[in-house]
1. Do the sum for the chain: with -39,500 (n - 2.57) for every DSSP H run of n ≥ 4, divided by all residues, what is the mean residue ellipticity at 222 nm, to the nearest 500 deg cm²/dmol?
2. Send over a whole-number figure in Å² for the accessible area per residue of the chain, probe 1.4 Å.
3. Which lysines, if any, have their Cα less than 17 Å from the Cα of Lys44, not counting same-chain residues under 8 positions apart?
4. Can you put Thr43, Thr57 in order of accessible area, largest first, using a 1.4 Å probe?
5. Excluding ligands and nucleic acids, what accessible area in Å² is computed for Arg29 using a 1.4 Å probe, to the nearest 10?
6. Provide the solvent-accessible area of Val21, counting protein heavy atoms only and rolling a 1.4 Å probe, rounded to the nearest 10 Å².
7. At a 1.4 Å probe radius, carbon and sulfur cover how many percent of the accessible area of the chain?
8. How much of Asp22 can a 1.4 Å solvent probe reach, expressed as accessible area in Å² and rounded to 10?
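The values are calculated or read from the model by the stated rules, or taken from the named source; none is laboratory data. This one's a predicted model, so the numbers in the text were calculated from it and none came from an experiment. Just the protein is used for accessible areas: all its heavy atoms, side chains included, with ligands, DNA and RNA removed. Shrake-Rupley method; radii C 1.70, N 1.55, O 1.52, S 1.80 Å.
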Amino acid sequence: MAEDAHKAGLLVEVVSPDQLVDRAIDLARSVISASPRRATAVTKLAINRAEDADLQTCLSYEAYLQTFLFTREEHRDRLKKLLNRLGSA
């Protein structure tokens, strides 16, 4: 089942159960080092709020948070770099 999800693009990779925690920690560390602190904090806010909210509320909150992030020059610069990378791929 995990392999099917991976092939469908739902998972980045599949690891054995004994590697799961170590790999999750490695991925978390890479996210922390690659992401601006503000963007990571906003993502955490959205995830925490999603526990007790319906889809429409989550989408509205996400739009609100993204609007806030786009007021930051750092966020716009990182998005431009990502789009440039995707455009040249």
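1. My calculation for the chain gives -23500 deg cm²/dmol from helical runs alone.
2. Values: 7500 Å² over 89 residues.
The answer is 84 Å² per residue.
3. Correct list for Lys44: empty, as no lysines qualify.
4. Largest to smallest exposure gives the sequence Thr43, Thr57.
5. 150 Å²
6. Its accessible surface works out to 100 Å², give or take rounding.
7. 59 percent
8. 100 Å²
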